[in-house]
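Visitor: Sharing a structure with you now.
The values are calculated or read from the model by the stated rules, or taken from the named source; none is laboratory data. None of these values were measured; they are calculated from a predicted model. So basically every Cβ, Gly included, is an ideal-geometry build from the backbone, and we count neighbours across all protein chains shown.
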Amino acid sequence: MMDPNLKISVKRSVTTTVARSLIAILLLAVIITGFSIITLASSLNDAAAINTSGSLRMQSYRIAYDISVDSPRLRSHIGAFQDSLLSQELQLLNNLAVPEEIRQRYEALIINWTRLRPELEGPDREFYLEQVGRFVNDIDKFVFVLQRHSENKLQVLALVGSVGLGLILAFVLFLIHYTQKRIVNPLNMLVSASQNIQNKVFDVDLPPIRNNELGVLSNNFSVMAKELKELYYNLESKIESKTLKLTKANRSLNVLYECSTQLSSSFLTRDTFENILSVTLNADGVNALRLNVQHSNQSERQLNASAADIDPNATWYSLPLSVDGDALGTLEWQGNKHIVDEMLLSNLAFILSRGIYYSHAQKQAMHLAVMEERAALARELHDSIAQSLSYLKIQTTLLKRHLKTIDSDDCAVIADDISEQLKTAYNQLRELLNAFRLSLTNSDFGLALEEMIEALQGQTPTNIIVDSTLDTLSIDAQRQMHILQIIREACSNAIKHANANSLRIQCGQNDEEGYVEIVDDGKGFSLYQDKPDHYGLNIMNERALMLGGHVDIVSAPSEGCRVSLTFPLK
């Protein structure tokens with residue numbers, strides 16, 4: 001871009017150059033047209049002169065014929081020849097514009113005719129017959145000279161016209177090139193620069209420096225663009241400085257309001273906290289957030305909730321999460337520490353602390369409600385059906401003892417059958433009471449699973465290995481209970497029926513669903529063989545349907561068994 005301080009004066013005017021070129025083209029056109037008109041006008045008389053001189057040959061032979069046949073029209077033909085020779089068309093040849101050779105030959109024809117005419121009118125006409133061939137030959141030479149003179153004029157006319165048209169074409173091409181280079185291109189650049197300024201792009205591309213009108217215009221335009229740029233950016237910086245604090249405060253308030261709105265839901269889940277982190281990413285200077293939750297009553301596993309792409313090389317800044325001195329975890333963030341609103345992050349940490357504490361209390365209350373309901377059912381079963389079954393078991397034992405004194409094999413068989421059925425019913429009732437009494441001392445799924453496995457481990461020598469990464473926020477109390485019951489049923493089957501030496505339980509989750517896998521190395525069974533009076537597999541399938549998932553069982557004789565449960569987290 002040219003220097004705006006450079007002053008340019010008009011030394012080579014564009015309009016003057018264009019006007020001169022147009023005047024030159026006009027003058028060339030006038031000259032060519034005038035020369036063509038004059039040449040064509042003179043060529044008209046040349047044609048008449050050639051025609052007349054050409055007729056002199058015919059008339060000469062006609063006079064010779066009249067002499068040979070003694071025609072009475074000889075005198076009239078002699079007069080006609082005289083008139084043609086001295087006609088106006090041939091008389092016009094006597095001027096300086098006509099070549100000297102043509103004038104000389106014309107004068108020679110007149111002299112020869114003047115010498116031959118007296119002979120024609122006298123008695124010695126045979127002399128004309130002797131001279132007519134030579135006379136006609138002179139006429140032919142005269143006609144040939146006239147014809148060559150006319151052709152030369154036409155050739156000169158063509159040459160002058162060609163040169164003139166070439167010069168006009170050269171001037172036109174020069175004018176087009178000059179106009180394109182010095183007028184059209186600079187104007188297009190100025191139009192483009194004006195459009196860029198309209199789009200608030202003030203670093204414009206202006207035409208090169210010229211000592212003409214467009215150069216002055218370009219220089220003034222450059223000065224104007226520089227002044228507009230300074231005014232625009234000064235005004236923009238002032239507006240930004242005035243609105244920056246208000247915008248930042250408003251954004252922080254909006255973030256806090258939306259976070260509070262997320263926590264106002266009736267049930268807090270993992271999605272709730274992820275939404276809070278996503279909302280906080282709208283704050284200035286925050287590039288990534290990570291929430292680490294670890295309550296004192298929970299297992300050692302942590303819940304990691306993050307938002308946005310995390311830069312592994314960036315520095316993590318940490319804020320503690322606590323309520324009444326009870327540590328709940330940390331809030332970690334990446335970003336520009338110089339522009340981030342630390343007060344906003346402190347308030348967010350306080351909100352998240354309250355949310356985590358409330359979520360834990362909420363889950364604990366739900367667990368207690370569920371366990372109270374199940375404990376009530378267990379008490380009712382124990383005080384009603386369990387007592388009746390115990391009484392029947394005692395009575396069956398007494399009946400078998402009395403039947404031994406009676407010699408009746410049929411009665412013994414029936415008594416044994418009743419005793420076996422009562423024993424089975426009593427065992428099933430005990431298992432049901434144990435299932436109802438399955439409790440959670442806190443809301444953490446990992447601890448509940450470990451407590452249940454610890455109880456089972458005390459009943460069997462089978463080595464049970466547990467690996468769980470399911471987090472508490474992903475599942476509610478009712479769904480957690482169904483998962484634990486499915487695991488307990490699968491483990492009980494492996495312990496009682498499979499004679500397994502080792503049993504591995506693995507629980508985990510991905511973005512959308514959770515999974516549980518129980519694998520044993522027992523004797524296995526055939527999936528296609530019906531097992532009467534065993535309802536555990538059906539109950540596991542029913543609980544999986546309540547979770548919105550499904551159970552897959554893979555087993556074969558002597559190959560162990562694998563029970564896989566998959567269910568959606570939401």
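Visitor: Any chance the range 535-550 includes a residue that's within 27 Å of residue 501 (Cβ to Cβ), at pLDDT below 90, in contact with a Pro (Cβ under 9 Å, 6 or more places away or on another chain) and aromatic (Phe, Trp, Tyr)?
Guide: no
Visitor: A further question follows. Within the set of pairs 6 or more residues apart or between chains, which connect a residue that is farther than 23 Å from residue 118 by Cα inside the range 82-101 to a residue that is at pLDDT 80 or above and of a type outside the set (A, V, I, L, M) with Cβ atoms less than 7 Å apart?
Guide: Partner pairs satisfying both residue conditions: 89/52; 93/103; 93/106; 94/103; 99/149.
Visitor: Do you know which of the residues in the range 111-138 that are part of a helix (DSSP H, G or I) and more than 13 Å from residue 63 (Cα to Cα) is modelled with the lowest pLDDT? Explain how you work it out, then say what you get.
Guide: To start, the set of residues in the range 111-138 that are part of a helix (DSSP H, G or I) comprises 111-121, 126-138.
Checking the rest, the ones that are also more than 13 Å from residue 63 (Cα to Cα) come to 111-112, 114-115, 118, 134, 137-138.
Numbers: 111: 85, 112: 83, 114: 83, 115: 82, 118: 79, 134: 84, 137: 86, 138: 84.
Here the answer is 118.
Visitor: Mind checking whether some residue in the range 147-156 is in contact with a Phe, Trp or Tyr (Cβ under 7 Å, 6 or more places away or on another chain) and part of a helix (DSSP H, G or I)?
Guide: Going through the range 147-156, the residues in contact with a Phe, Trp or Tyr (Cβ under 7 Å, 6 or more places away or on another chain) turn out to be none.
No; the residues of the range 147-156 include none that is in contact with a Phe, Trp or Tyr (Cβ under 7 Å, 6 or more places away or on another chain) and part of a helix (DSSP H, G or I).
Visitor: Considering each residue of the range 153-206, count those that are loosely packed, with under 12 Cβ neighbours inside 10 Å and either in contact (Cβ under 8 Å) with a residue 40 or more places away in the chain or of a type in the set (Phe, Trp, Tyr) (or both), and give that number.
Guide: 2
Visitor: Sticking with this structure for a sec: So, of the residues in the range 180-223 that are charged (D, E, K, R) and part of a loop (DSSP other than H, G, I, E, B), which turns out to be farthest from residue 14 (Cα to Cα)?
Guide: The first filter runs over the range 180-223 and keeps only residues charged (D, E, K, R), leaving 181-182, 200, 203, 205, 210, 213.
In the following step, the residues that additionally are part of a loop (DSSP other than H, G, I, E, B) were identified as 200, 203, 205, 210.
Values: 200: 31, 203: 27, 205: 21, 210: 10 Å.
Of everything passing the filter in the range 180-223, 200 is farthest from residue 14 (Cα to Cα).
Visitor: If only one of 291, 268 is modelled with pLDDT of 70 or more and crowded, with 18+ Cβ neighbours inside 10 Å, which one is it? Spell out how you get there, then give the answer.
Guide: Numbers: 268 fails: modelled with pLDDT of 70 or more.
None of the others qualify; the one that does is 291.
Visitor: Another question, if that's okay. When you scan the range 492-504, do you find a residue that is in contact with a Leu (Cβ under 6 Å, 6 or more places away or on another chain) and either at pLDDT 85 or above or not assigned by TED's automatic domain parsing to the domain that holds residue 463 (or both), even just one?
Guide: Step one: filter the range 492-504 for residues in contact with a Leu (Cβ under 6 Å, 6 or more places away or on another chain), giving 494.
From what's left, either at pLDDT 85 or above or not assigned by TED's automatic domain parsing to the domain that holds residue 463 (or both): 494.
Yes, the range 492-504 has at least one match.
Visitor: Give just the number: which of (1) within 25 Å of residue 153 (Cβ to Cβ); (2) in contact (Cβ under 8 Å) with a residue 24 or more places away in the chain does residue 126 not satisfy?
Guide: The number of the failed condition is (1).
Visitor: Among the residues of the range 452-486 satisfying the criterion of being touching a Phe, Trp or Tyr at 6+ places or on another chain (Cβ under 9 Å) and among the aliphatic types (A, V, I, L, M), which is modelled with the lowest pLDDT?
Guide: Looking at residues that are touching a Phe, Trp or Tyr at 6+ places or on another chain (Cβ under 9 Å) and among the aliphatic types (A, V, I, L, M), I get 473.
Visitor: Could you please find all residues in the range 46-74 being outside any helix (DSSP H, G or I) and among the small types (Gly, Ala, Ser)?
Guide: Step one: list which residues in the range 46-74 are outside any helix (DSSP H, G or I), which gives 70-73.
Of everything in the range 46-74, just one residue is outside any helix (DSSP H, G or I) and among the small types (Gly, Ala, Ser), namely 71.
A quick yes/no check of all residues on (1) more than 18 Å from residue 451 (Cα to Cα); (2) touching an Asp or Glu at 6+ places or on another chain (Cβ under 6 Å); (3) assigned to a helix (DSSP H, G or I):
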residue: 481; (1), (2), (3): no, no, yes
residue: 489; (1), (2), (3): no, no, yes
residue: 492; (1), (2), (3): no, no, yes
residue: 500; (1), (2), (3): yes, yes, no
residue: 504; (1), (2), (3): no, no, no
residue: 514; (1), (2), (3): yes, no, no
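Visitor: Just one of (1) in a helix (DSSP H, G or I); (2) modelled with pLDDT of 75 or more; (3) among the aliphatic types (A, V, I, L, M) trips up residue 319, so point out which.
Guide: Every listed condition holds for residue 319 apart from (1).
Visitor: What pairs come up if the first residue lies in the range 546-568 and is more than 22 Å from residue 510 (Cα to Cα), the second is part of a strand (DSSP E or B) and hydroxyl-bearing (Ser, Thr, Tyr), and their beta carbons are under 8 Å apart, counting only those six or more places apart or on different chains?
Guide: From residues that are more than 22 Å from residue 510 (Cα to Cα), the pairs are 554/564; 561/555.
Visitor: Moving on. Checking residue 240 against (1) under 30 Å from residue 569 (Cα atoms); (2) at pLDDT 75 or above, which test does it fail?
Guide: (1)
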